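First comes the structure, then the notes that go with it.
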Amino acid sequence: MQLRDTPEEATFRAEVRAWLEEHNPGLDGLDDVDSKKAWSRKIYDAGYAGLTWPTEYGGRGGSYQQQAILLEEWARAEAPSHLGVIGLGMAGPTIIAHGTEEQKLRYLANILSAEEIWCQGFSEPGAGSDLSAVRASAALQDGHFILNGQKVWSSYAHIADWCILVARSDPESQRHAGLTYLIVDMHAPGVEVRPLRQITGEAEFNEIFFENVEVPVENVLDEIGNGWAVAMTTLLHERGTLGFALTGTLDVSVRKLIALSKERRLSDTRLRDKVAQEWIELQALKLTNYRALTKLVETGIPGPEGSGSKLHFSEQNQRLTKLALEIADGEANGWWHHQQLRSRGNTIEAGTSEILRNIIAERVLGLPRGR
Ligand SMILES: Cc1cc2nc3c(=O)[nH]c(=O)nc-3n(C[C@H](O)[C@H](O)[C@H](O)COP(=O)(O)OP(=O)(O)OC[C@H]3O[C@@H](n4cnc5c(N)ncnc54)[C@H](O)[C@@H]3O)c2cc1C
């Protein structure tokens, strides 16, 4: 992996930086869904949404290196991200990999322009780390599926137009077999969304109830019964491409931690060491991401290394926000308090730390299966 920009990459970086200098509304500059959609649309119009997606579906056909540069510049400028997090990071890449031409044409450009927002309905009350325990049922009847069941912890479901989910289409099946991957219209009759309030006070994730919801058979992604393989594509993208975005978030936090330490004229050597350690850990994470990027460029699909980045990020983010509050010495500080509370979910979402350690042990280090 070449760590310095090539001349073309340097030009691209300068272009992104100049655009952000002119347009960035700032992290606190958007406070409702409409303004977030408008900002996302602006990103799309500038050609910065779906950078690596094929041009025929509204993408830019760019390289993964450009995508990494984009995310680095976004973090540097402390600019808000595109609202379509699930569409861009999970639904879109899964549709590109498994969708029919009609599905690609129908959904992809609207993800990029934030015309339509997506959510992911994988988790259920009895199926989290073990996704193969999914119980939601999809019964095929007269050219459509009848969907019944409950999903939980679905981020963005309260504002979503579409949901990617797995349901059991063969009622006799067990575990990974007999699952079908569906694209479900969140405005269809029988879909009910109930927001869940988090420890931060916000309600950004939800329960979803499906009661006899009709899903046209055209909305199956890939083959009926092949849902497990399709879901694995979604999860690989969730963890694999998340690395650079998460590192961007951490970059902002480490900068703010250093600024706080300077502002407080931090003299306690124990705390000063800890601040330096967080900066070092961030550099290590950046290099890990470059290694994962090299693999991605070679193979075109994210590998299990993304699990390492996600694990590193989530554990560091919790530690770092705790340290910042210690340095702030109990003084009320809205931003850090919010970060600390939100960071609790980081070690659960997109695979818990325990599950990610299992994946690293088995799939990166090649150790025998735990059980
Ligand atoms: C902020 C946030 C956003 C989320 N957004 C979404 C979303 O948009 N869509 C969606 O579908 N889901 C979402 N989730 C759900 C998330 O994917 C699940 O919470 C996660 O997969 C864990 O599942 P669980 O909560 O059922 O815990 P469980 O799977 O019941 O795990 C409980 C505990 O047991 C441990 N454990 C379980 N199995 C093993 C094992 N084999 N080895 C070692 N330890 C194990 C876990 O690490 C954990 O500590 C979100 C969660 C959070 C916190």
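Observations on the structure shown:
- Taken over region 104-153, the criterion of being assigned to a helix (DSSP H, G or I) and within 8 Å of the ligand (Cβ to nearest atom) is satisfied by L131 alone.
- Considering region 350-371, and only residues there that are in contact (Cβ under 8 Å) with a residue 12 or more places away in the chain and closer than 13 Å to E305 by Cβ, the residue that is farthest from the ligand (Cβ to nearest atom) turns out to be V364.
- Lone unmet requirement of (1) touching a Phe, Trp or Tyr at 6+ places or on another chain (Cβ under 9 Å); (2) modelled with pLDDT of 95 or more; (3) open to solvent by 50 Å² or more (accessible area, probe 1.4 Å) for H176: (2)
- Condition check for I96: surrounded by 19 or more Cβ atoms within 10 Å (Cβ to Cβ) and within 16 Å of the ligand (Cβ to nearest atom): no
- Filtered by the rule that a residue be surrounded by 14 or more Cβ atoms within 10 Å (Cβ to Cβ) and within 11 Å of the ligand (Cβ to nearest atom), region 191-206 gives L196, Q198, T200, E204, F205, N206.
- Filter result for the condition that a residue is in contact with a strand residue (DSSP E or B) (Cβ under 6 Å, 6 or more places away or on another chain) and open to solvent by less than 50 Å² (accessible area, probe 1.4 Å), over S169, S132, S113: S169
- Some residue of region 58-72 being open to solvent by 50 Å² or more (accessible area, probe 1.4 Å), within 16 Å of the ligand (Cβ to nearest atom) and either in contact (Cβ under 8 Å) with a residue 12 or more places away in the chain or not hydrophobic (A, V, I, L, M, F, W, C) (or both): no
- For region 329-349, the set of residues classified as at pLDDT 90 or above and either of a type in the set (A, V, I, L, M, F, W, C) or open to solvent by less than 40 Å² (accessible area, probe 1.4 Å) (or both) consists of W336, Q339, Q340, L341, S343, G345, N346, T347, I348, listed by residue number.
The values are calculated or read from the model by the stated rules, or taken from the named source; none is laboratory data. Note that the structure is predicted; figures quoted are calculated from it, not measured. As a convention, Cβ positions derive from the backbone with ideal geometry for all residues, glycine included, and neighbour counts pool all protein chains shown. Note: accessible area is taken over every heavy atom of the protein model, side chains too, but ligands, DNA and RNA are not part of it. Shrake-Rupley method; radii C 1.70, N 1.55, O 1.52, S 1.80 Å.
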